[in-house]
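Here is the structure we will look at.
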Amino acid sequence: MNRQDAFDSDPRPCAFDWCATEHGRTVHPDDEDHRSGGVAVTLRTRAATGRGLGHLEEWEIGLIRRSADAETWLVVEAPRGVSIALSREATRALVDAVRADRHLRDFVDGSPSGA
């Protein structure tokens, strides 16, 4: 079998239904990590110490589980190489904190008290 035949064959199945990696068709071992397709969002952001209206950026949110990982992580990737990976517990804690605090919840929901 030549190299092209290897790439033309069906990829190995993956245990994670969210995984978009074409296992067995990659060249580098790090490319075999489990990655979701990701969701792109356009966000208006600014540095926490910044002022003004901020600027629009494309961010991507997805899941990753590296070959050596025992768990899946939620990844938020911003431009200029800025990214963070949150464990399932950290993701739940962040979402729960927003839901639990009236002011944060109103801000997200667009309620007048969250203005």
Task: Residue that is least open to solvent (accessible area, probe 1.4 Å), among those in the stretch 23-39 that are at pLDDT 80 or above and under 28 Å from E57 (Cα atoms) - done: D33
Open item on the list: I'd like the full set of residues that are outside any loop (DSSP other than H, G, I, E, B) and open to solvent by 60 Å² or more (accessible area, probe 1.4 Å), limited to the stretch 44-53.
Closed with: R44
Task: Test result for T45, out of contact with any Ser or Thr (no Cβ under 9 Å at 6 or more places or on another chain), β-branched (V, I, T) and at pLDDT 90 or above - done: yes
Open item on the list: Just to be sure before I move on: is L56 in contact with a Lys or Arg (Cβ under 9 Å, 6 or more places away or on another chain), open to solvent by 80 Å² or more (accessible area, probe 1.4 Å), within 30 Å of A20 (Cα to Cα) and not hydroxyl-bearing (S, T, Y) in the structure I sent?
Closed with: yes
Task: Residue list for the stretch 78-98, restricted to those being of a type in the set (D, E, K, R) and at pLDDT below 95 - done: R80
TODO: Sort out which residues of the stretch 60-112 are open to solvent by 70 Å² or more (accessible area, probe 1.4 Å), touching an Asp or Glu at 6+ places or on another chain (Cβ under 7 Å) and not charged (D, E, K, R), and write them in order of number.
DONE: S67, S83
Task: Answer residue from the stretch 1-22, given it is of a type in the set (D, E) and modelled with pLDDT under 90 and is most open to solvent (accessible area, probe 1.4 Å) among those - done: D10
Open item on the list: Can you pull out every residue in the stretch 63-101 that is part of a strand (DSSP E or B) and touching a residue at least 12 places away in the same chain (Cβ under 8 Å)?
Closed with: L63, I64, R65, W73, L74, V75, V76, E77, A85, L86
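The values are calculated or read from the model by the stated rules, or taken from the named source; none is laboratory data. Here the structure is a predicted model, which means the values were calculated and not measured. Using ideal geometry, Cβ is built from the backbone for each residue, glycine included, and neighbour counts are taken over all protein chains shown. In case anyone asks, the SASA skips ligands and DNA or RNA and just uses the protein heavy atoms, side chains included. Shrake-Rupley method; radii C 1.70, N 1.55, O 1.52, S 1.80 Å.
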